[in-house]
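Some notes on the structure that comes next.
The values are calculated or read from the model by the stated rules, or taken from the named source; none is laboratory data. Everything numeric here is computed off the predicted structure, so don't read it as measured data. FYI the Cβ positions are ideal-geometry reconstructions off the backbone, even for glycines, and counts take in every protein chain you see.
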Amino acid sequence: MDYDSDSDGSHISATPPRDPLPRRPPQPPPKPPTSYKSTASTKRSSHLDIIFKLKKPSSSKHDKIEPVPEPEPIQQPDLPSPVGNFPFQIRRPSDQPHPISIGRSLETLPAGFFSTRRASFSKICKPSLNFEPETSPEITAEPKINGSDGLGSTKTCNKKLPNLIRGDAPLPPVKLQKRSEEGNFVRLNFNGYKRKFTAKGKKMNSYSYKSKYFKRSKRRVKSEVDTGSLCDEEGLVSEIKLQSKAEKPSRCESVEAAISAVRSAVSEENLVRLLKAIYGYDLFRDGQLEAIKMILAGKSTMLVLPTGAGKSLCYQIPAVVLPGITLVVSPLVALMIDQLKQLPPMIQGGLLSSSQGPEEAAETLRMVQEGSIKVLFVSPERFLNADFLSIFSTPNSTPNFVSLVVVDEAHCVSEWSHNFRPSYMRLGASLLRAKLNVECILAMTATATTTTLQSIMSALEISSTNLIQKAQVRDNLWLSVSLSSNRMKDMLKLMKSSPFLEAQSIIVYCKFQSETDVISRYLCDNNISAKSYHSGMLARDRSRIQELFCANKIRVVVATVAFGMGLDKRDVGAVIHYSLPESLEEYVQEIGRGGRDGRLSYCHLFFDDVTYYKLRSLMHSDGVDEFAVNKFLCQVFADDTSSHSKVCSLVKELASRKFDMKEEVMLTLLTHLELGETQYLHLLPQLNVTCTLNFHKTSPMLLADKDTAVAAILKKSEIKQGQYVFNIPTVANSIGVAPGDLSNHLQNLKAKGEITYELKDPAYCYKIVKVPSDFCSLTELLTRWLLDIENCKVWKLDAMYSSAVFAVDTCEKTHDCNVAQQTTYLQERISDYFRGDNNLDVLDKMGQNSPFLRADIKVFLQSNSNVKFTPRAIARIMHGIGSPAYPSSIWSRTHFWGRYIQIDFKAVMNAAKAELMNFVGKDAP
């Protein structure tokens, strides 16, 4: 499954900006208190808790926006109030016992009342959350708003430019072709004249795109003036005129002069000049200039900027100034590709990923060694590769030395973050300095609590004085929340009411893959163009959907957290959360994908108790018992340890079922055993360790006489149906070679026609450095560490749920709440959360006991007396959570599956432990 992560990976949008919207006026003075009629006697119903109210057309001159060729800048107030009036009220059905519950009946309007111009479907007698301001909003001059990475500018360009940071980045020498009034359509050039896929050219990046869509870009163009075309991934082309050949050297000279000036003196004036030369902008965004100066001074830096605030620019400018390579560590291949695309044309970039072929990877490494690449994108798993690290172990006088290491999505380093990645643990400062000879490290993230920041800065040895941190949520995001008993219908009504009705592009986030398909079909059935997006889809299908969304061919993308990595579509007008996010970090990341053009973006969250209970149960899916950890350690150190050069392996699937432990958890434990206070082992790259081999040309015995590897294979293998089956690390250890060398030898024999073979069983490979002297103490330490991580995840979900509940409660208490009040409350709540205030109120909604719990556990054990259970395994089944040893495909058939999802997981575990002891005691002789 794809990992969620925030990103400022400026994916360039080819779409024109949204129509300018008026900004919110200052908050109107509060209304005098009004009586609120009790609804205790209201008829119980399942009406929507989002109730729409008609917006009356206004004839005020302030409601009319004069069209202007180029919108003027908008002054952003600290807390603006509404412009587009929300026509819905947030309300809870009266039949749900909850402190925020209110029931109101819906007044149905007569048939034919609405015309196509009307945005709402119903009205109510009395509002509970009023989104309409008391006065007409005034139109103010609108300042030029910057793009995802950029800054103020007097010129903008809405074309999708190759390798640029922002969609509105200008090319001063470029003049756009005159357009006809054809609307937002892409012009196709079928005759091939003056067509060139500039965004995929080899001269920009070393990453070779060999898809059939990009091979057409090699067509030669014979013209005195270079022409180019802006191309989406699937070959949609719109043409522009590029500068003449005579103009190119002047621009290059301007950039070179600006770089030389910065190298001579790192001043604000010189940096702004370089910014103008590369990107065409006149001002830096908040935090960018400070970070760049700190990096160029050789100081390791921790940078926390909101999603879409231009973090990538903070390493791109140093990359052109510093003499060596800038190495960017990124968690996902898709994110690396997007970041590579948005590099400016004068920065040569490349990437190394597992999806590349050997030739591509070798070509990239060759260019790195030659010093042709300035920015190299890699995954953290690449640091397990000794050959890769050896490239950078040379003195700093060589062209391939590393000047700067950038840790993108740095929150993955900390186990206390919302998205901990075990592979990020090996990005410690000591390892980076020892293996790469690098002194300066830039850590970047959009979401990190105080505890997470301290963990990151400790691991990367960044001084607390080198922390640059700005507000987590941008001011142009309107935040609203509602409790819903029918989220599907509520969301449809939300989309068909203003201001969501006017939003050109909308992202809907769900937690489960099945939900995305159902919702997208439902929206399509209701004449809303929508597509689903999740990690279970093929990569090419996901890529195509993202391209269609960026080109405004699709209005709504219904996605899991997998969507948005590297996306920088600047005109996303609304973000809707169909499901409760797992943490406030995740919520902030996802709403940050809206409003990157600086205009208002509307972010609404639906939540309900059923989804909360499901998500809270899933927070315990990674937990393990002390007994399982002890068995795992015994397996890891079970092999003969007389030689520390011996390679051991642990087949992932088999071990996962044996210890009832997810593969990610096993990797976390192995990484901790390598990088903890005491190093017990050394992890190696993962391999497929089971080989099934057939001999063809020469008989096995004759070939074994000439080849020691074949002789070892015959000795160590098991013959099954005429095939030789053996373990690659076992054979490699017997002849004293590395498993990778043995794999290469087998490949050579295959090329000669001597053998054919197949590899299977992915496994963790490692070498034992030291055997623990006290397994019990180590087991207790690791179990307590994993339990703390599990409790942290549960607390983060509770904090998210509590924030949503309190936001709705706040509106219920005021009786006449508008969206500005909810926005203010949520922004304050988010600020308190990321500051790490210990006074943050968190609801405890879970029950602690049930009169039938132990009786049901007893019946369950009696009906499955032939199966061995642990207390955690029983609690998972009672909560409806599958695990490797007890998969949902089998255990969901029992009628106890998920029965006690509303009872606290620990309480169910304690009850299961007591019943297991009674059950075992009765069976004992």
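Every residue in region 504-534 that is within 22 Å of Ser583 (Cβ to Cβ) and in contact (Cβ under 8 Å) with a residue 60 or more places away in the chain, please.
Once the filter is applied, which keeps residues that are within 22 Å of Ser583 (Cβ to Cβ) and in contact (Cβ under 8 Å) with a residue 60 or more places away in the chain, region 504-534 yields Ile507, Val508, Tyr509, Cys510, Lys511, Phe512, Glu515.
Does region 298-310 contain at least one residue that is of a type in the set (Val, Ile, Thr), touching a helix residue (DSSP H, G or I) at 6+ places or on another chain (Cβ under 6 Å) and assigned by TED's automatic domain parsing to the domain that holds Met425?
The answer is yes; a qualifying residue exists.
Give the residues of region 723-782 that are farther than 26 Å from Gly676 by Cβ and aromatic (Phe, Trp, Tyr), sorted by residue number.
The answer is Tyr724, Phe726, Tyr757.
Looking only at residues in region 350-378 that are in a loop (DSSP other than H, G, I, E, B) and more than 28 Å from the chain's Cα centre (by Cα), which one is nearest to Gly324 (Cα to Cα)?
Step one: filter region 350-378 for residues in a loop (DSSP other than H, G, I, E, B), giving 352-357, 371-374.
Next, from what is left, pick out any that are more than 28 Å from the chain's Cα centre (by Cα): 371-372.
Values: Gly371: 8, Ser372: 10 Å.
My answer is Gly371.
Which of the residues that make up region 479-521 are part of a strand (DSSP E or B) and either under 16 Å from Val556 (Cβ atoms) or touching a Gly at 6+ places or on another chain (Cβ under 9 Å) (or both)?
Those that are part of a strand (DSSP E or B) and either under 16 Å from Val556 (Cβ atoms) or touching a Gly at 6+ places or on another chain (Cβ under 9 Å) (or both): Ile506, Ile507, Val508, Tyr509.
Just one of the numbered conditions (1) under 30 Å from Ser480 (Cα atoms); (2) in contact with a Lys or Arg (Cβ under 6 Å, 6 or more places away or on another chain) is not true of Pro884; which one?
If we test Pro884 against (1) under 30 Å from Ser480 (Cα atoms); (2) in contact with a Lys or Arg (Cβ under 6 Å, 6 or more places away or on another chain), just (1) comes out false.
A quick yes/no check of all residues on (1) surrounded by fewer than 24 Cβ atoms within 10 Å (Cβ to Cβ); (2) outside the structural domain of Glu828 (by TED's automatic domain parsing):
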residue: Ser423; (1), (2): yes, yes
residue: Ser430; (1), (2): yes, yes
residue: Ala448; (1), (2): no, yes
residue: Thr451; (1), (2): yes, yes
residue: Leu494; (1), (2): no, no
residue: Ser498; (1), (2): yes, no
residue: Cys510; (1), (2): no, no
residue: Glu515; (1), (2): yes, no
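Which ones in region 350-370 are of a type in the set (A, V, I, L, M) and in contact (Cβ under 8 Å) with a residue 40 or more places away in the chain?
Scanning region 350-370 gives Leu351, Met367, Val368.
Kindly list the number of the only condition in (1) buried (at least 17 other Cβ atoms within 10 Å of the Cβ); (2) touching a Cys at 6+ places or on another chain (Cβ under 8 Å) that fails for Pro685.
Among (1) buried (at least 17 other Cβ atoms within 10 Å of the Cβ); (2) touching a Cys at 6+ places or on another chain (Cβ under 8 Å), the lone unmet condition for Pro685 is (1).
Would you confirm, using the coordinates I've provided, whether Ser260 is in contact with a helix residue (DSSP H, G or I) (Cβ under 7 Å, 6 or more places away or on another chain) and not in a loop (DSSP other than H, G, I, E, B)?
no
Would you kindly identify the helices (runs of 4 or more DSSP H) lying entirely within region 284-349 that contain at least 3 residues that are farther than 20 Å from Arg421 by Cβ and either touching a residue at least 60 places away in the same chain (Cβ under 8 Å) or not β-branched (Val, Ile, Thr) (or both)?
288-296, 313-321
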